[in-house]
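Engineer: What follows is a structure written as C-alpha cells; I'll ask about it next.
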Amino acid sequence: MKILRIIRSLNPRDGGPSEGIRQITPHLNKLGVSTTVLTPHHPDSSWLGNDSFKAIGLGPVVGKYGYLYGLETCIKKYALQYDVVFIHGIWQYHSLATWRALRGTNIPYFVYTHGMLDPWFKRTQRLKHLKKWAYWPWGDYQVLRNAYAVLFTTEQERLLASQSFWLYSANEIVVGYGTSAPPDNADHQRQVFLKRFPHLNGKRVLLFMSRIHPKKGVDLLIEAFASIAPMDHTLALVIAGPDQIGLQSKLIGQSDKLGISNRVTWAGMLSGELKWGAFRCAELFCLPSHQENFGIVVAEALACGIPVTIAKPVNIATDVAESGAGIVHNDTASGTEEGLKQWLDMSSREKSEMGKRGRDLFTKRFDFVSVAKNLIPVLEGAVQARIIR
C-alpha cells in the first residue's frame, strides 16, 4: 500500500506532527505501507532528504497561510499514484488545496486535525476565532465533511473537536498515537547529556521538553519550581525546546525575579542522544500545558520509565491518571506546585513503581508498533471503499 502525506512543515522545530510522521513511518513500512510526504516548503530546505521516506518540497509559499500557486495541480498529480492521502493540520492552504485537488476523484483522504479544533483556542484567541469562522464554512468544514475519516489521537481530542464551531460534520475515528521506543544504551545517553551540561552532575533534574510557547505553561512551572526549590538544594529545572516566538527572555526574567536563575538550565532544542540523555537524567517530567492534543514527549518520558506530572488539558491525562503512571493537576501555578509537592512526598519505591506503570502504559497504548498495526484496518477499509466506487 502507498500513502501520501501532506503537511505544512516537516521542520523538526515546528513540533509534534512532523515528528509523528518520522516515528510511525518505519513501523508502517514493516507492515507493507510505503510513505511519501509533500510539503509546501522550498525543495532546498535543510530538513528535507534526511529521512527514511521520500519527502518532496513544493514551495516556497506566500505568507503564514502558506498559499502556493498551482498547489492543487501538484497534489492531484502525485495523489493519483497513491492509494490514500493524509492531510496533517488545518487552517492553512495545504488542507483546502488537497480537498479541491481530490474532488471528482475516488481517492480517499484522511485528516489529522492535530488538536487544531480544541476549544481552548476559541476561549483564548477570540479575534482569531472570529476570523476562522469567516473561513470555516467554505474552507476546513468542507475538508473535514468530505474526508473518508477524520482521525483523532485520543477520545478527549475527538470530544473537544466539535465544540469550536456549531457547523461541524465528520466521520470520526480514534486511532491512537504515540512514538517509538527509546534506543538502548541509556548509560551512554546520560554521559552525552552530562558532558554537554556538566553542572547537572549530582542534581535531581526536573525536565520540561517542548516548544517554548504560552500554551505550554512554562511560566507556571517556573513559579511552582521556585516554591519547592528551597526544599532540596539539589533540585534543578531543565527547560528544553525551541524558542519560536521570543518568549524565553521573558521567562528568564521571571526566574531572575524569583531568585532561581542559577537552578534553571535553558537547554535549547535537543535531539538524538542529547534528547534521550535528558530523559535518562531526569527524575520527573513536567508538562503543565493549557492545551495539548496528545503530548509525544509525555509518551517518550513514560517509555523511559520516568514519572510525569502533567496538566489536565493534556489529552492523555486521563490515561496517565487511570494507570497510575503519573500525577495530573490543574493548569494553574498552584495546581502545578501541588503536583510537584505530591511527587516530592513520594518514597523512592513509589516513584519506581510509578515509572514501571508508565512503561507498561507506553507499551500497551503509545508504542507506534501497536499504533501502526491498529491503523492498517482503517487504511484497508478506505482502499476497499475506493475499489467499490
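Engineer: Considering region 167-209 alone, what residues qualify as being modelled with pLDDT under 95 and of a type in the set (Ser, Thr, Tyr)?
Structural biologist: Listed by number, the residues that qualify are Tyr177, Thr179, Ser180.
Engineer: Please tell me if Gly49 is open to solvent by 30 Å² or more (accessible area, probe 1.4 Å), at positive phi and free of Cβ contacts under 8 Å to residues at least 12 places away in the same chain. Before you say what the answer is, go through the steps one by one.
Structural biologist: Numbers: open to solvent by 30 Å² or more (accessible area, probe 1.4 Å): yes; at positive phi: yes; free of Cβ contacts under 8 Å to residues at least 12 places away in the same chain: yes.
Against the criterion (open to solvent by 30 Å² or more (accessible area, probe 1.4 Å), at positive phi and free of Cβ contacts under 8 Å to residues at least 12 places away in the same chain), Gly49 qualifies.
Engineer: Just one of (1) open to solvent by less than 10 Å² (accessible area, probe 1.4 Å); (2) free of Cβ contacts under 8 Å to residues at least 40 places away in the same chain; (3) not acidic (Asp, Glu) trips up Val84, so point out which.
Structural biologist: Result: Val84 fails condition (2) only.
Engineer: Mind checking whether some residue in region 138-150 is part of a loop (DSSP other than H, G, I, E, B), in contact with a Leu (Cβ under 7 Å, 6 or more places away or on another chain) and closer than 16 Å to Ala170 by Cα?
Structural biologist: So the first thing to find is which residues in region 138-150 are part of a loop (DSSP other than H, G, I, E, B), and the list is 138-139, 146-148.
The next check asks that each one be in contact with a Leu (Cβ under 7 Å, 6 or more places away or on another chain); those that pass are 139.
So of that shortlist, the ones also closer than 16 Å to Ala170 by Cα come out as 139.
Yes, that holds for at least one residue.
Engineer: Across region 206-251, what is the total count of residues that are open to solvent by 10 Å² or more (accessible area, probe 1.4 Å), within 17 Å of the chain's Cα centre (by Cα) and of a type in the set (Gly, Ala, Ser)?
Structural biologist: Result for region 206-251: 1.
Engineer: Continuing with this model, one more query. Evaluate the following for Leu302: is it touching a residue at least 12 places away in the same chain (Cβ under 8 Å) and either among the acidic types (Asp, Glu) or surrounded by fewer than 20 Cβ atoms within 10 Å (Cβ to Cβ) (or both)?
Structural biologist: On the way: touching a residue at least 12 places away in the same chain (Cβ under 8 Å): yes; either among the acidic types (Asp, Glu) or surrounded by fewer than 20 Cβ atoms within 10 Å (Cβ to Cβ) (or both): no.
So Leu302 does not fit the description; no.
Engineer: If you don't mind, there's one more thing I want to ask. Given the conditions (1) among the polar types (S, T, N, Q); (2) within 25 Å of Gln191 (Cα to Cα); (3) assigned to a helix (DSSP H, G or I), and given that Ser249 satisfies all but one, which numbered condition is not satisfied?
Structural biologist: Every condition holds for Ser249 apart from (2).
To keep it simple, each residue is scored yes or no on (1) part of a helix (DSSP H, G or I); (2) within 19 Å of the chain's Cα centre (by Cα).
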residue: Ile306; (1), (2): no, yes
residue: Ile310; (1), (2): no, yes
residue: Val320; (1), (2): yes, yes
residue: Glu337; (1), (2): yes, no
residue: Gly358; (1), (2): yes, yes
residue: Thr363; (1), (2): yes, yes
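Engineer: Now, a different point. Which number in (1) surrounded by fewer than 16 Cβ atoms within 10 Å (Cβ to Cβ); (2) under 25 Å from Asp367 (Cα atoms) marks the one condition that Phe193 misses?
Structural biologist: That leaves (1) as the condition not met.
The values are calculated or read from the model by the stated rules, or taken from the named source; none is laboratory data. The structure presented is a predicted model; accordingly, all values stated were derived computationally and were not measured. Every residue, glycine among them, receives a Cβ derived from its backbone with ideal geometry; neighbour counts consider all protein chains shown. Areas reflect the complete protein model, heavy atoms only, side chains present, ligands, DNA and RNA absent. Shrake-Rupley method; radii C 1.70, N 1.55, O 1.52, S 1.80 Å.
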